[in-house]
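The values are calculated or read from the model by the stated rules, or taken from the named source; none is laboratory data. All of these numbers come straight from a predicted model, not from anything done at the bench. Don't worry about glycine lacking a Cβ; one is built from the backbone with ideal geometry, like all the others, and counts go over all protein chains shown.
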C-alpha cells in the first residue's frame, strides 16, 4: 500500500511539474508568438496538416523541455525554436531565384533574417536558427542547444507527416467498417 501511495504522489507531482513547465514556456515566449510577423507563419502549410506556426511551436516546446532538463539555455532554445522556420512563403511551390539553392538549404538564413528584423537575436539564437538543418547547412553547430533543435525538428516533422498517414488510415478503416455495418 505504501508503494502505491508513493506512486500516486509521484504521478501527481509529474503532472504538476508538466503544467508548471507549460506555464513557464508560455510566459517565456508569449511575446514572440504574439508578434504579427510570427503569426503570419499560420498562413503557410508546412508538413501535412500542420502550418509553419504550429510546427515551430512544437519544436520550440520540445527544445525548451529538453534544454531545461539538461540545465542548458532553455530560453534561447525556445525562442529560436519558434523562429527557426520563419521564412514566410509556401515552400511547396517555391522556385529558387538565380544563384539560390533548394529551400532546404536556403530557408535557415531567410528565417534568421526575418527573425532579426523583428527581434534582438543573440549569437546563440542565431546559431540555432541558421544551423537547424545541419548537415544540409555545412557549417557545424557552435552550441549544444543547436544539436537539440536538429533532433527536435526532425522528430516533430516525422510526427506531423505520420499523423496525416495514420489519420488517413483510420478514416479508410472507419469507412470500411461502416460499409460492413459494424459502425
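Here is how the numbers come out for the structure above:
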read-out: Residues of region 49-65 satisfying the condition of being out of contact with any strand residue (DSSP E or B) (no Cβ under 6 Å at 6 or more places or on another chain), under 17 Å from residue 159 (Cα atoms) and assigned to a helix (DSSP H, G or I); value: 53, 54, 56, 57, 58, 59, 60, 61, 62, 63
read-out: Odd one out for residue 104, checked against (1) over 21 Å from residue 39 (Cβ atoms); (2) modelled with pLDDT under 95; (3) assigned to a loop (DSSP other than H, G, I, E, B); value: (3)
read-out: Selected residue (only one of 68, 75, 79 is surrounded by 23 or more Cβ atoms within 10 Å (Cβ to Cβ), at pLDDT 95 or above and farther than 19 Å from residue 159 by Cα); value: 79
read-out: Candidate set: region 31-48, residues that are in contact with a strand residue (DSSP E or B) (Cβ under 8 Å, 6 or more places away or on another chain) and within 23 Å of residue 76 (Cα to Cα); chosen: the one surrounded by the fewest Cβ atoms within 10 Å (Cβ to Cβ); value: 42
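Listed here are the residues, each with its yes/no results for (1) under 15 Å from the mean Cα position of the chain (by Cα); (2) under 16 Å from residue 72 (Cβ atoms); (3) surrounded by fewer than 17 Cβ atoms within 10 Å (Cβ to Cβ); (4) touching a residue at least 40 places away in the same chain (Cβ under 8 Å).
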site	(1), (2), (3), (4)
117	no, no, yes, yes
122	no, yes, yes, yes
142	no, yes, yes, no
155	yes, no, yes, yes
